[in-house]
Amino acid sequence: MVTDTTDPFDAIVDAPFDSALSERYLVYALSTITARSLPDLRDGLKPVHRRLLWAMRLLKLDPASGYKKCARVVGDVIGKYHPHGDASVYDAMVRLAQDFSLRYPLVDGQGNFGNIDGDNPAAYRYTEARLTQVAIDLMAGLDENAVDFRATYNNEEEEPELFPGLFPNLLANGAAGIAVGMATSIPPHNAAELLDAAMLLVDDRAANDAQVLAHVKGPDFPTGGIVVDSPAAIAEAYATGRGSFRIRARWGFEREKGGGWKIVVTQIPYGVTKGKLIAEIAGLIEDKKLPILGDVRDESDADIRIVIEPRSRTVDAGILMDSLFRLTELESRFSLNLNVLDAQRTPRVLSLRETLAQWVDHQFVVLKRRSEHRLQRIADRLELLGGYLIAYLNLDRVIEIIRTEDEPKPVMMAEFDLSDRQAEAILNMRLRSLRRLEEMALVKERDQLSKEAGELEQLLASETRQKARLKRDMKRLRDRYGPDTVLGKRRTLVEEAAPAREIPLEAMIEREPITVVLSQRGWIRAMRGHLDLGSAETLKFKEGDGPAFAFHAQTTDKLLLAAENGRFFTLASDKLPGGRGFGEPVRALIDLDGSVGVLSLLAARRDARLLVVASDGRGFVVPVADVLAETRKGKTVVTPRNGQKLKIVRPVGVDHDYVAAIGDNRKLLVFPLAELAEMSRGQGMQLQRYRDGGLSDAITFALARGLSWPMGGDSGRMRSEADMGPWRAARGAAGRMPPTGFPRDNRFAKLN
């Protein structure tokens, strides 16, 4: 037994950790970029896809043959070419077969390969597959030395470095991948449009971006939809190789009997899972985030049909769809990052024109290599035909040599000046080939091959002929995938549309009159219609409770609730409890402590202003737009001093120009409204000076019309004082006793 005495520590290299780590990480990064994540510009494939198609080709799974189990294909791929997990290889194969993932599928699948609802495919032991005609076109030329081959990872097999076919797969099917420090995202396009643009570049390599975009309208997604970006935005994205495309679902408007209507979505944005989309729309209904949306259901079979119903027939369809575009994936974005491996396998971000131009350059190389290979094959065949014809001209002597000589091959080579291949071919001829008719066929074949060889030599010597040949081949392929074919017909419309409008909530709510009632104990309800506020049925309360606030409003109104601590809360009228019963506690709708009283409840108008004053006489004017709050916690507007509380909240009329304030000491003061600051939050300014007590009431009014106040009792009559000159003073004055007949409770009018 031999013992290895080598010290394992002798192989350890002393190097800085950071440099060793960076070197190894760089190797990993380059491997990820060039051999996994980024597609090759020339065939648009990553190694795993290329190896899948190559393995299927060797299994003779062409479109005319039968299907074979996907397990067989996956086994060959991971066993011979791609030493990775079977799950990742099968996932890649499944995507090549999904007509909602690839614009031009490369694999024809039989069985469950998943669906647009997001369901998973069946396991590879159940599914079967074969190649499509697109894959055949992509691989055309592999037997004609059009590309180089390399050894597989275990040096037992060979695989092509790329596919030479004329199908523009990179842009036609798109690509996506995340490498180390870079990524790629390429949408699919229409193959006929790409070939038209490629033929333009064959003729004119100096063609600019605008000329290319005259042929390529924009992305053409397998799921259809509408690209709604402007032509300028699309041109900018294609010119730089970076940008994004805004895709919307395609929908229609269907009328129903009785005047109703519904929206039918027939195409959804690319990459959106239909099941998830419908759940997303249903969530808006359940969460009441879109009040004008009534129902959604999936009526799809082979074709997509999503039915969206409004809450009522009076809903505007445009507003409903704009809201859905903003809130759901009925509108999505697909990013463009044309980062690919060029002909030197260098990752680069290219423009659309540059991408097509480099692909055309590659096709010229393929054309030359295929022509040279064909020329070599013709030369080999002509050599054999020459030997056959010599044998026919000297048939008796050839037969004699074969019958009499022990080694006829060198004798024939010497006597008839034959090459080794010619002599070997003659010796391998069958007796039934020695017919006169066969000799004539050989002469005809020789003449035809000689003619073809001459044409190929002319082709290789002339760039003009190469351009004509390439355009002819492209034209033939374009006819196969033209706009009049089922596969080639454009599916995605390119129509500019404005961004989805941000619709205010009021526009989504059906406008209806309501009567809002808030009781003294804080129970709130909204009854349909503008009811009589003096009716006992309208103002019906629990025993021991009574009315605090009652007024008419609309379901589209926002209501402002002001608390004595200076916080303002916003309530949506359409979400108030119904009029049946006594309603619900208002504190269940907002976060208001039970010890804090409700001072005011009124309908809010965004363009209006409010006079807010604390019990110590300090206050200000605040715009209603500044006090609206979207949360249950509300918004602090007035910050009263210690021991004080908010006492007055009154709307400021459009023509009001003066403020009237009266204290507990029954002193009345009138001063210009302009002397009072307009603020969004704070304690404000002193309206009136008090020796003792505080503010009793405050109101704004138009000085030209005078000041009015209610007379006593339930008569509802008002009394006015036209001349307020005796009470006019600067803000902060003490004031004087009010006019005769002013209410004894020192109130100008009931709050709200």
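Would you check if G118 is in contact (Cβ under 8 Å) with a residue 40 or more places away in the chain, within 26 Å of the chain's Cα centre (by Cα) and on the phi > 0 side of the Ramachandran plot? First the steps, then the outcome.
Working: in contact (Cβ under 8 Å) with a residue 40 or more places away in the chain: yes; within 26 Å of the chain's Cα centre (by Cα): yes; on the phi > 0 side of the Ramachandran plot: yes.
Yes; evaluated as a whole, the condition is true for this residue.
Report yes if R511 is in contact with a Lys or Arg (Cβ under 9 Å, 6 or more places away or on another chain), in a loop (DSSP other than H, G, I, E, B) and either farther than 30 Å from D574 by Cα or not polar (S, T, N, Q) (or both), otherwise no. Please lay out each step first, then the result.
Values: in contact with a Lys or Arg (Cβ under 9 Å, 6 or more places away or on another chain): no; in a loop (DSSP other than H, G, I, E, B): yes; either farther than 30 Å from D574 by Cα or not polar (S, T, N, Q) (or both): yes.
Judged against the criteria, R511 is not a match.
Which condition from (1) at pLDDT 90 or above; (2) assigned to a loop (DSSP other than H, G, I, E, B); (3) not basic (K, R) is the one that A536 breaks?
(1)
Answer yes or no as to whether L384 is over 60 Å from the mean Cα position of the chain (by Cα) and within 16 Å of E452 (Cβ to Cβ).
In short, yes.
Which of the residues that make up the stretch 264-318 are farther than 30 Å from D99 by Cα, buried (at least 19 other Cβ atoms within 10 Å of the Cβ) and without any contact (Cβ under 8 Å) to a residue 40 or more places away in the chain?
Of everything in the stretch 264-318, just one residue is farther than 30 Å from D99 by Cα, buried (at least 19 other Cβ atoms within 10 Å of the Cβ) and without any contact (Cβ under 8 Å) to a residue 40 or more places away in the chain, namely L293.
Within the stretch 148-157, count every residue that is touching an Asp or Glu at 6+ places or on another chain (Cβ under 9 Å) and either among the charged types (D, E, K, R) or buried (at least 19 other Cβ atoms within 10 Å of the Cβ) (or both).
So in the stretch 148-157, the residues touching an Asp or Glu at 6+ places or on another chain (Cβ under 9 Å) come out as 148-152.
Filter once more, keeping what is either among the charged types (D, E, K, R) or buried (at least 19 other Cβ atoms within 10 Å of the Cβ) (or both): 148, 150.
Going through the stretch 148-157 one residue at a time, the tally reaches 2.
Touching a residue at least 12 places away in the same chain (Cβ under 8 Å), of a type in the set (S, T, N, Q) and either outside any loop (DSSP other than H, G, I, E, B) or farther than 30 Å from R326 by Cβ (or both): which single residue out of Q458, Q466 fits that description? Give the steps one after another, and end with the answer.
Working: Q458 fails: touching a residue at least 12 places away in the same chain (Cβ under 8 Å).
On inspection, the qualifying residue turns out to be Q466.
Rundown of residues vs (1) within 19 Å of P651 (Cβ to Cβ); (2) at pLDDT 85 or above; (3) surrounded by 12 or more Cβ atoms within 10 Å (Cβ to Cβ); (4) in contact with an Asp or Glu (Cβ under 8 Å, 6 or more places away or on another chain), yes/no style:
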{"position": "A702", "(1), (2), (3), (4)": "yes, yes, yes, yes"}
{"position": "P710", "(1), (2), (3), (4)": "yes, no, yes, no"}
{"position": "G713", "(1), (2), (3), (4)": "no, no, no, no"}
{"position": "R736", "(1), (2), (3), (4)": "no, yes, yes, no"}
{"position": "D745", "(1), (2), (3), (4)": "no, yes, no, no"}
{"position": "N752", "(1), (2), (3), (4)": "yes, no, yes, no"}
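Please state which of the following conditions S615 fails to meet, knowing it meets all the rest: (1) more than 28 Å from R747 (Cα to Cα); (2) hydroxyl-bearing (S, T, Y); (3) touching a residue at least 24 places away in the same chain (Cβ under 8 Å).
(1)
Report yes if some residue within the stretch 432-454 is assigned to a loop (DSSP other than H, G, I, E, B), at pLDDT 85 or above and exposed (fewer than 14 other Cβ atoms within 10 Å of the Cβ); otherwise report no.
Taking the stretch 432-454 as the starting set, the residues that turn out to be assigned to a loop (DSSP other than H, G, I, E, B) are 434-435.
Add one more test, that the residue is at pLDDT 85 or above, and what stays is none.
No, that holds for no residue.
The values are calculated or read from the model by the stated rules, or taken from the named source; none is laboratory data. Everything numeric here is computed off the predicted structure, so don't read it as measured data. Neighbour counts are summed over all protein chains in view; Cβ atoms, including those assigned to glycine, are modelled from backbone coordinates with ideal geometry.
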